[in-house]
Ligand SMILES: Cc1cc2nc3c(=O)[nH]c(=O)nc-3n(C[C@H](O)[C@H](O)[C@H](O)COP(=O)(O)O)c2cc1C
């Protein structure tokens, strides 16, 4: 299995519909291609970790590299791995507005810092989705 971590500059503002479109494509394509990962964006940058079998990973990464919805893509780390970091996410997603100011990513963040950050975001979201209240809400049993 291969993984790739990159940073790029967003072309669209936060909350633009393009992010939703990117996420919709990522969710449907990645589950077909057995890819998993996590995408974070702040006001100016995307940070994405993508992992899975090497052929679909390379093909998808080439599409992402050519995508005009971001520019100046810079690979922070890539390589082989035996296990997945984001096995439960076809593509997890978080925005800076949801994160604490002291833990924000910047252009200077190292690969290790970015990975630790994305793992923390994935963990927080999983804990939220698995919380009893959220389960009830999604099952339609939440009492308003
Ligand atoms: C920041 C960013 C992240 C993306 N992440 C993925 C992804 O994880 N998986 C994916 O299939 N496409 C992703 N895309 C979309 C691809 O660039 C591309 O639009 C998509 O694979 C469909 O390509 P096609 O229409 O040529 O098949 C991403 C695009 C951007 C800008």
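So if we plug the beta-carbon distance of residue 128 and residue 31 into 1/(1 + (r/R0)^6) with R0 = 25 Å, what FRET efficiency do we get, rounded to 0.05?
It comes to 0.75.
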>> Based only on other Cβ atoms within 10 Å, what is the fewest-to-most ordering of 67, 19, 108?
In response: 108, 67, 19
>> As a test of the formula, what do you get for the chain when each DSSP H run with n ≥ 4 contributes -39,500 (n - 2.57) and the sum is divided by the residue count, at 222 nm and rounded to the nearest 500 deg cm²/dmol?
In response: -12500 deg cm²/dmol
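How big is segment 2-138 by the Kirkwood estimate over distinct Cα pairs, in Å?
15.3
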> When N counts the residues of segment 52-96, how does its alpha-carbon radius of gyration compare numerically with 2.2 N^0.38 Å, as a ratio?
Replying inline: 1.31
>> Pairs of alpha-carbon atoms within less than 8 angstrom and 6+ residues apart define the contacts here; what relative contact order does the chain have, in percent?
In response: 33
> When 91, 135, 1 are ordered from fewest to most other Cβ atoms inside 10 Å of their Cβ, what list results?
Replying inline: 135, 1, 91
> For residue 119 and residue 95 in the same chain, what is the full-extension length gain: residue separation times 0.36 nm, less their Cα-Cα distance, in nm?
Replying inline: 7.3 nm
> What's the angle, to the nearest 10 degrees (0 to 90), between helix 54-66's Cα axis and the longest principal axis of the chain?
Replying inline: 80
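Values quoted throughout were computed directly from the atomic coordinates according to the rules given, and no laboratory measurement underlies them. The structure displayed is predicted, hence computed values, not measured ones. Quick reminder, even Gly has a Cβ in these numbers, built from the backbone with ideal geometry, and neighbours come from all protein chains shown.
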